[in-house]
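S.K.: The structure follows.
The values are calculated or read from the model by the stated rules, or taken from the named source; none is laboratory data. This structure is a prediction, so every number in the text was calculated from the model and none was measured. FYI the Cβ positions are ideal-geometry reconstructions off the backbone, even for glycines, and counts take in every protein chain you see. Only protein heavy atoms, including side chains, enter the accessible area calculation; ligands, DNA and RNA are left aside. Shrake-Rupley method; radii C 1.70, N 1.55, O 1.52, S 1.80 Å.
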Amino acid sequence: MSELNRIPVILDGDPGHDDAIAWVLAQASPRIDIRAVTSCAGNQTIEKTTYNARRICTLLGITAPIAMGRPRPLLADPITAGNVHGQSGLDGPKLPEPAMELCGLTAVELMARVLRESGEPVTIVSTGPQTNVAALLLAHPELKEKIARISLMGGGIAYGNWTPAAEFNILVDPEAAQTVFASGVPVQMAGLDVTERALIFAEDVERIRAVDNQVAHVVAEWLEFFYRFHREVGYEGAPLHDPCAVAGLLRPDLFTMKDLYVEVETEGEYCRGATVGAADGWNGHAANARCLLDVDRAGFVELLVEAVHAYDGWEVRI
Ligand code: RIB
Ligand code: CA
């Protein structure tokens, strides 16, 4: 960590309501130094997630360079989630038009530049499919040692969501996910095991709205949109997936974690995209992922409320 004890971070995501809230958390924290933002295809097409990334950065005052990621998974055909996040990928509240252009590099080129230029290893917070991260590892293996850790939202040791076996981010690009888990770079995995316990209820939304600044109102509307969808499909509350990839860095004390050996199923008619976890040392394999398995939900909500307060007095033209 730098002299300010800040964690240098690259945010890679497919915003996406929960990606956006993960970025709210990251930008609010004085302990996180956002060095770059890269979009990936997932919740929506790369064009839409990139536009959303620029709008979110404008809303939050994130001034780090932004680059567009790869338009398609490494091998798989694209899958999008318009049924969850809407046709824009970020339906709901009105957002500012982007105040910044893209930096002119590809996501992999920008990630590589940040890693090369950093005086210390950089954490990658990845909240979408692992396509860009895997492409970075394949194109620049020499930069692995400059990656402190990959804190990702993805997978589920016990179950999936897009299929019974596979979680969406992993299923979109299983080959990329397996590349990441097998890379030797430390992985912190916020899978469905923990994210479906990081539930947000109506009263939590009202607490965030009551913070009563511009970001608070936008976050409350994102949560309401996300909550409505999940209630309709049978969830008790809104599982706040992606913010767990940031919260797990900032407040590991809120989480129950276990080091496991994780492999990604890339074959299989029914199980493609499953993240299969085994105990450290199983069959001679050392653990390759710190898996978040449970969360202090009340503490997690407090962290979100505190983060939204960080935007008191901040406002942009919408
Ligand atoms: O399965 C949940 C994940 O898929 C989250 O990252 C959400 O944003 C979507 O990308
Ligand atoms: Ca996401």
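S.K.: Using only the Cα atoms, what convex hull volume per residue in Å³ does the range 25-149 have?
M.R.: Hull volume over Cα atoms, normalised by residue count, gives 110 Å³.
S.K.: Quick one: pull the percent of accessible area on the range 203-275 belonging to carbon and sulfur, 1.4 Å probe, ligands and nucleic acids left out.
M.R.: 46 percent
S.K.: Starting from the residue with the highest accessible area, list ASP77, ASP296 in decreasing order, probe 1.4 Å.
M.R.: Listed by decreasing accessible area, they come as ASP77, ASP296.
S.K.: Now, a different point. For the range 120-137 and the range 226-273, write down the distance between their C-alpha centroids in whole Å.
M.R.: Result: 17 Å between the Cα centres.
S.K.: So, one more: Rounded to a whole number of µm²/s, how large is the Stokes-Einstein D of the range 89-135 at 37 °C and 0.692 mPa s, given Rh as the Kirkwood radius over C-alpha pairs?
M.R.: 245 µm²/s
S.K.: With every protein chain present, what accessible area does LYS146 have (1.4 Å probe, heavy atoms only), rounded to the nearest 10 Å²?
M.R.: Only protein atoms counted, so the area is about 40 Å².
S.K.: With N residues in the chain, what two-decimal value do you get for its Cα radius of gyration over 2.2 N^0.38 Å?
M.R.: 0.91
S.K.: What FRET efficiency do you get for GLU120 and ASP259 if R0 is 35 Å and r is their Cβ-Cβ distance, rounded to the nearest 0.05?
M.R.: With a Förster radius of 35 Å, E is 0.90.
S.K.: Which value at 222 nm does the chain reach when only helices count, each DSSP H run of 4 or more adding -39,500 (n - 2.57), with the total divided by all residues and rounded to the nearest 500 deg cm²/dmol?
M.R.: -10500 deg cm²/dmol
S.K.: Along Cα→Cβ, 7 Å out, is where each label goes; now give me the distance between the ones at ARG251 and ASP91 in nm to one decimal.
M.R.: With each label placed 7 Å out from Cα toward Cβ, I get 3.1 nm.
S.K.: How do LEU75, LEU59 stack up against each other in accessible area, from largest to smallest, with a 1.4 angstrom probe?
M.R.: Most to least solvent-accessible, the answer reads LEU75, LEU59.
S.K.: Give me the distance between the Cα centres of the range 155-173 and the range 20-47, rounded to whole Å.
M.R.: About 21 Å separates the Cα centre of the range 155-173 from the one of the range 20-47.
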